[in-house]
Structures are given as structure tokens and as C-alpha cells.
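The values are calculated or read from the model by the stated rules, or taken from the named source; none is laboratory data. What you see is a predicted model, and the numbers here were worked out from it, not measured in a lab. As a convention, Cβ positions derive from the backbone with ideal geometry for all residues, glycine included, and neighbour counts pool all protein chains shown.
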Amino acid sequence: MGNILVLNSGCTLAAELARGVQAISCHASLCSDKEQVIDIMGKQLVDIVILISGPETDWKTGVEALRDALSQLQNPPQIVCILCGPYQGPSDRLYGARRGVRVIYERR
Amino acid sequence: MRGDEHLRPIIEELDYLLAERRQLAAEGPHFIVTHGFHKSGSLCLHGETVERACLMYRWQEYPLHISPTGLLLVDLVCRYRRTLLTAARIEQIMLTDLFYTRHGANRYGGYRSAALPNRTSIKVHIQRIREQMAKTFIEAGLNLHPGKVLIAEPTDSNIVVYRLKASVEFMHRSY
């Protein structure tokens, strides 16, 4: 069973995702901040950390901080950034690809 | 679940990423080793050269920047990855396997073989290869520890056994 952490638990998408990933036999936990993510990572093996970013937030800074924190781990998880808001072209995905971060647009 | 339709692409992507992690954990990454000066009708025969080794990840090749001697060692751990490789065994293979003793013999105008690593220098070469692997993994955005790919396992005595945990493909070119 895959283990997923969803950062930014305040938004509705986080709760929807936590429910939705059960369809692929995954368990998702919601986290409110980076420190909580690191705390959980110290106790259990996590496959994916998802950062949900709204259109008004600087997702790149958030991703860099998360990368720095998680890179110290022996078995770092895959970081996925879900961008909510209008599609801005391929530059965000290319930026993420160079850093090992999967960038996905949420299209409602 | 009509309301969750918009999540389907995200969940499918997460499913793919999880499968990719499982595959990496089980099989290791995928490397391509290219042999040069190969003659048609033969594969991995002596006289060929080891031209390069690269990581293949998400449709892209990422070369390992290692010395000719290091390349020989990478080739060896790839070709003998189902053999228990101690430093002594590696040295023995390097000195007896025609692929290494006649390395580059097909090259035009004779050949100058790369220096073969000896038993005492193998540990240093392995460490250097791991360092280059680490740089390549970072470049590729691959969260992998090189020590879990080029593995050094202790035995019941002081001897260390080296093992490559990866899938490998050999490619050949005639120049």
C-alpha cells in the first residue's frame, strides 16, 4: 500500500485527494506544515509528498524548502506539486522536472 | 463519484509515480553501456571498447562522467552483475577476460588499453563511480542513493562483495 502525505490540508482539494487515492490502494495523511511532514517521515516510510499550491502562492519557494528538508533523508519521497489555477504553459513542469518534482495542474 | 472526476488525471499520475518507485526499489535504475568498434555478427566480444555508460531515466540519457578505467569497472559490474564480485575476483576478471585484456583491439591503428584497476585501487574506483552516480541521479531528478545501486555488502569475513542493482542494456556501434 502506498503512503502519501498531503501538505496544505486547509484546502478542499487535499481532503478530496485523501479520499480519492483510496481507489489506488493508497493511504493519505493531511499535514498543515513542513515540520509535520518531516515529523511523520521520521516515523514511517512515505512514498509521495504532495504540495498543493494556490494561484496566489509562490510554489517554487515552497518546493525548494521541501526539497532541502527531504533531501537529508535516507529514502526521500517523490515530491509532487499540484498547481491550482489557470494553465501557465510548460515552464512550470520543466522547472519541476529539473528538480525531480512532478508538477501537475488541477483542472476543475 | 461524479464530483471527483477532475481528480482522475492526478490520481492516475500518482498511481504511475508509485509504480515507478516500486520498480526502482525492486530492480534499481536502468543503465545503458555503449561498446564501440564492434564487428557485425558479434556482441560484446574482445576488441571492442567501452565508450560510455549512462543512466536512462524518463526518456533521457544522463552520461556518467567517469574515467576510462572507471568505465571498464562499470562495464564489469554490469556484465558480471549476477556474480559475487570481491576486489580479488574483479582483478582476476580484469586480467583474464579477453574483453578487458584486449580492450580496444578493433580500433584503427592499433590500441592503447585503459589502465586496469588492481585489487587495492578497486575500492577507490568504486567510491568515485558512486560519486559520479550521485551527481547523475541529482541531474536526472532521481531520488536514489548510489550506495543502494552499486552495493558493497560485508560477508562473514572482512571481505566485501560488490553488486550492481540495476537493469542494464548494452548497445553497440561500429566506430
**Asked** Out of all the residues in region B:139-154, which are more than 8 Å from chain A (Cβ to nearest Cβ), without any contact (Cβ under 8 Å) to a residue 24 or more places away in the chain and more than 15 Å from the chain's Cα centre (by Cα)?
**Response** B:Glu153, B:Pro154
**Request:** Answer yes or no as to whether B:Gly104 is touching a residue at least 60 places away in the same chain (Cβ under 8 Å), crowded, with 17+ Cβ neighbours inside 10 Å and not in a loop (DSSP other than H, G, I, E, B).
**Result:** no
**Prompt:** So how many residues does region B:155-175 have that are surrounded by fewer than 13 Cβ atoms within 10 Å (Cβ to Cβ) and over 19 Å from the mean Cα position of the chain (by Cα)?
**Reply:** 6
**Item:** Residues within region A:3-35 that are under 24 Å from A:Gln72 (Cα atoms), within 11 Å of another protein chain (Cβ to nearest Cβ) and buried (at least 20 other Cβ atoms within 10 Å of the Cβ), tallied
**Value:** 3
**Message:** Suppose we keep only residues that are crowded, with 17+ Cβ neighbours inside 10 Å and of a type in the set (Val, Ile, Thr) within region B:70-85. Which one would you say is farthest from B:Gly141 (Cα to Cα)?
**Reply:** B:Val77
**Prompt:** Checking A:Leu70 against (1) within 11 Å of another protein chain (Cβ to nearest Cβ); (2) at pLDDT 90 or above, which single condition isn't satisfied?
**Reply:** (2)
**Prompt:** Does region A:57-64 contain at least one residue that is more than 11 Å from chain B (Cβ to nearest Cβ), out of contact with any Cys (no Cβ under 8 Å at 6 or more places or on another chain), among the aromatic types (Phe, Trp, Tyr) and under 30 Å from B:Glu5 (Cβ atoms)?
**Reply:** no
**Complete:** Over region A:43-57, the set of residues at pLDDT 85 or above and either out of contact with any strand residue (DSSP E or B) (no Cβ under 8 Å at 6 or more places or on another chain) or not hydrophobic (A, V, I, L, M, F, W, C) (or both) is A:Lys43, A:Gln44, A:Asp47, A:Ser53
**Request:** Determine which single condition B:His125 fails, assuming it passes every other condition in (1) surrounded by 18 or more Cβ atoms within 10 Å (Cβ to Cβ); (2) assigned to a loop (DSSP other than H, G, I, E, B).
**Result:** (2)
**Item:** Filter pass, A:Ile38 being surrounded by 15 or more Cβ atoms within 10 Å (Cβ to Cβ), within 13 Å of chain B (Cβ to nearest Cβ) and on the phi < 0 side of the Ramachandran plot
**Value:** no
**Asked** Where in region A:1-85 are there helices (runs of 4 or more DSSP H), lying fully within it, with 3 or more residues that are within 20 Å of B:Asp15 (Cβ to Cβ) and in contact (Cβ under 8 Å) with a residue 24 or more places away in the chain?
**Response** A:12-20
**Fill in**
Of the residues in region B:36-52, those that are touching a Phe, Trp or Tyr at 6+ places or on another chain (Cβ under 6 Å) and crowded, with 17+ Cβ neighbours inside 10 Å come to B:Glu48, B:Thr49
**Complete:** Taking region A:81-108 and the residues there that are in contact with a helix residue (DSSP H, G or I) (Cβ under 7 Å, 6 or more places away or on another chain) and at the interface with another protein chain (Cβ under 9 Å from one of its Cβ atoms), the one that is farthest from B:Gly147 (Cα to Cα) would be A:Arg108
